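Worksheet: the structure to be examined is printed underneath.
Every number in this text was worked out from the coordinates using simple rules, so none of it is lab data. All values derive from a computational prediction rather than experimental measurement. Here the Cβ positions follow ideal geometry from the backbone for every residue, glycine too, while neighbour counts run over all protein chains shown.
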Amino acid sequence: MVKSREVLPQPKSKFINVQCPDCGSEQVIFSRASTVVKCNVCGKTLVKPTGGKAIITAKRSRQQVLR
Ligand SMILES: [Zn+2]
């Protein structure tokens, strides 16, 4: 595979759109969230912060990256 595009520097953090596995509510979260992010509707934990990269327990929705 040949890379024809220039590789843009990727930001270490980004906002992603996830969907709650329980109630299906979509929510925009920060991929390096430093706090637990819970679903606005049912309260399920969607993101668990770790030392670095957050663990996203919710499934990602169609729009994975919001610019
Ligand atoms: Zn939910």
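Remarks
- Simple point charges give the picture: +1 on the Cβ of Lys and Arg, -1 on the Cβ of Asp and Glu, and for segment 15-65 a dipole about the Cα centre of about 140 debye.
- Length gained when the stretch Lys48-Arg60 is fully extended (0.36 nm per residue, less Cα-Cα span): 2.9 nm
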